[in-house]
Amino acid sequence: MAVAANDVVKMINGDCHDFKSILSSPDRDFLVRNNADQVKIDSLKGKTLGLFFSASWCRPCLEFTPHLVEAYSRIAPEVGFEVILVSTDDDEELFNDYFSKLPWLAIPFSDSISHKRVDESFRTTGIPRLVVLDENGKVLTNDGVGMVREYGEEGYPFTSKRIQEIKDLDEKARKEQSLKTLLVSRYRDFVVTSDGNKVPVSELEGKTVGLYFSMASFHPSADYTQKLAEVYKKLKEKGENFEVVAISLEDGEEPFKKSFGAPWFALPFKDKTCKKLARYFELSAVPTIVIIGPDGKTLHPNAADAIDDHGVEAYPFTPEKFAELEEIVKAKEAAQTLESILISGDLDYVIGKDGAKVKVTDLVGKIVLLYFSAHWCPPCRAFTPKLIEVYKKLKAKGEAFEVIFITSDIQQTSFEEYYSGMPWLVLPFDDARTPSLKRKFKVKGIPMLIAIGPTGKTVTKEASGLIMAHGVDAYPFTEERLEEIEARYEEMAKGWPKNLKHELHEEHELELTRCDSYMCDRCNYPGQIWTFYCRECDFDLHPKCALEKDKETKGGAEKEGNTKEGWVCDEEVCTRAR
């Protein structure tokens, strides 16, 4: 049964639809469960429906499905809500295996015509996708996936009105915030210790509490936990009234247990409050330590860097203490020299290409780039040839300029193989200065290129972006040069629209946005400087990919994982290839 063009228009405009005409066929008036039971479509009248466009081969679908199962299992028994699988599988065995794990309904696999009709009617270009219809068949949202990811069952019925209600409740909670409103739920008034004991939240009231958001499976979190444990122990030894409550964002119990080997408290594994707190504090990175003062109010949104940089000296995390620390940092930066950065005890040298030791003092007065990189990092391997090109051109011009490679490789053989193709200086593998340099310059991602000027002061931490955009012209990376480059950036975007709609992302307008680095969701190649971006969906397009719609964008091999010919998958969505 075909869907008329005017029906499609009605759907896009939010008009009501008859469930039966959308989901049935001339010889079928039912949907199926995974035990082969047939459910009459007429029985769905009066219910809110979620049309779940998904497939067994789609890695983002498989990663999202457990979140939807969890939300569905809590919503469905209480209200009239049903989910219907609209599969993109073309293999019945794979469909059955996937569907066997799902608690909701599906259009029968054999009815490929209905699958295609519903798919085309709702103009589905990417999966997973969850379209939510109210009891009258009106589209409540096309972004059920995003809402379920962020709000879980709390977001039901997944309307903009409901999301605004949640935001209003969060705002009210901020005004009335206390340790109890943050950590106590309807089901729990305690935190737990690593040996399983329950400690009432009331026992933490009146103390300074750090809410520690982390993921043990994420390497920076695992490293940071050790640092925090040292600071925590010292503060306890000094008798300070300070506690830590771990807020684990792990989905697996083993990583959770691993992250909870520390001496502090935690919320129980997979406690719903964990995700609620992540949303409440607008979490953007891990590790994050939100400091709650003795009065239950937020003292600082993230003291992680301060603890990393200053240890126990950051306590008690008050505005006055942070102002004091800022002055200390400014004084250190004013006194910074190349020797203070690179010399530590007897380690007063770097290594040249011939293996000889080069004294750090011999580099004083030059512009020195500290190149944090690794062989295992694809963006690093993509950037290194560009840096080599710039290095050789500057050397040929006789500039007082050097690069020092600082590795993030885990294996020495990989480090040696990677460095063998580089023409510059290097810190030895496992050099004791490497961790302190990463902390000093807050290296959270690679490649990262720090430019140190002739006086030993930091010129910029964004030299990689400057080189990618302007090559050798970015030299010498000074403020004056940055102003010239900034003017070029603005010139580059002249004539581009500030907002546009694109067929690969019809849900929202894309906004022209400055960005240090990103991966284009069309060609899967990295980009810098400008992106056409959707903040709600974290969707990026190169300006070229966004503006030259009719030209094929070459490259962009599919990432590892489940995929299917004719589709391109990234971390959160699989999109039909053009």
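The values are calculated or read from the model by the stated rules, or taken from the named source; none is laboratory data. The structure presented is a predicted model; accordingly, all values stated were derived computationally and were not measured. A quick note on method: Cβ atoms are made from the backbone with ideal geometry, for glycine too, and the neighbour counts reach across all protein chains shown. Each accessible area value is taken on the protein alone, full model and side chains, heavy atoms only, with ligands, DNA and RNA left out. Shrake-Rupley method; radii C 1.70, N 1.55, O 1.52, S 1.80 Å.
Here are the numbers for this structure:
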read-out	value
Every residue from region 446-474 that is open to solvent by 30 Å² or more (accessible area, probe 1.4 Å) and free of Cβ contacts under 8 Å to residues at least 60 places away in the same chain	LYS461, GLU462, ASP473
Residue match in region 519-527 (condition: basic (Lys, Arg) and either farther than 22 Å from THR125 by Cβ or modelled with pLDDT of 90 or more (or both))	no
Any hit, region 220-232, residues being at pLDDT below 90, closer than 27 Å to GLY293 by Cα and aliphatic (A, V, I, L, M)	yes
Residues satisfying the stated conditions in region 463-488, i.e. at pLDDT 90 or above and not in a helix (DSSP H, G or I)	TYR475, PRO476, PHE477
Positions within region 318-340 being at pLDDT below 95 and open to solvent by less than 30 Å² (accessible area, probe 1.4 Å), in sequence order	LEU325, GLN336
Residue list for region 404-417, restricted to those being open to solvent by 20 Å² or more (accessible area, probe 1.4 Å) and under 17 Å from GLY352 (Cβ atoms)	GLU416
Filter result (open to solvent by less than 60 Å² (accessible area, probe 1.4 Å) and hydroxyl-bearing (Ser, Thr, Tyr)) within region 284-294	THR288
Strands (runs of 3 or more DSSP E) within region 1-64 that include 3 or more residues out of contact with any Asp or Glu (no Cβ under 8 Å at 6 or more places or on another chain) and either modelled with pLDDT under 90 or open to solvent by 80 Å² or more (accessible area, probe 1.4 Å) (or both)	none
In region 385-403, the residues that are in a helix (DSSP H, G or I) and buried (at least 20 other Cβ atoms within 10 Å of the Cβ)	LEU387, VAL390, TYR391
Search result, residues across region 152-187 that are within 18 Å of LYS272 (Cβ to Cβ), hydroxyl-bearing (Ser, Thr, Tyr) and surrounded by fewer than 19 Cβ atoms within 10 Å (Cβ to Cβ)	THR181, SER185, TYR187
Tally of residues being within 17 Å of the chain's Cα centre (by Cα), part of a strand (DSSP E or B), more than 23 Å from LYS461 (Cα to Cα) and touching a residue at least 60 places away in the same chain (Cβ under 8 Å) across region 489-540	0
Output for region 352-366, where each listed residue is open to solvent by 10 Å² or more (accessible area, probe 1.4 Å), on the phi < 0 side of the Ramachandran plot and in contact (Cβ under 8 Å) with a residue 12 or more places away in the chain	LYS353, VAL358, THR361, VAL364, LYS366
Unique match (being assigned to a loop (DSSP other than H, G, I, E, B), at pLDDT below 85 and more than 21 Å from LEU283 (Cβ to Cβ)) among GLY239, GLY261	GLY261
Residues of region 282-317 that turn out to be at pLDDT below 90 and within 22 Å of the chain's Cα centre (by Cα), as a count	8
Residues (closer than 20 Å to VAL69 by Cβ and open to solvent by less than 10 Å² (accessible area, probe 1.4 Å)) located in region 129-144	LEU130, VAL131, VAL132, LEU133, GLY144
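Yes/no per residue for (1) in a strand (DSSP E or B); (2) among the hydrophobic types (A, V, I, L, M, F, W, C); (3) touching a helix residue (DSSP H, G or I) at 6+ places or on another chain (Cβ under 9 Å); (4) surrounded by fewer than 15 Cβ atoms within 10 Å (Cβ to Cβ):
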residue: GLY296; (1), (2), (3), (4): no, no, yes, no
residue: ASN302; (1), (2), (3), (4): no, no, no, no
residue: HIS310; (1), (2), (3), (4): no, no, yes, no
residue: VAL350; (1), (2), (3), (4): yes, yes, yes, no
residue: VAL368; (1), (2), (3), (4): yes, yes, yes, no
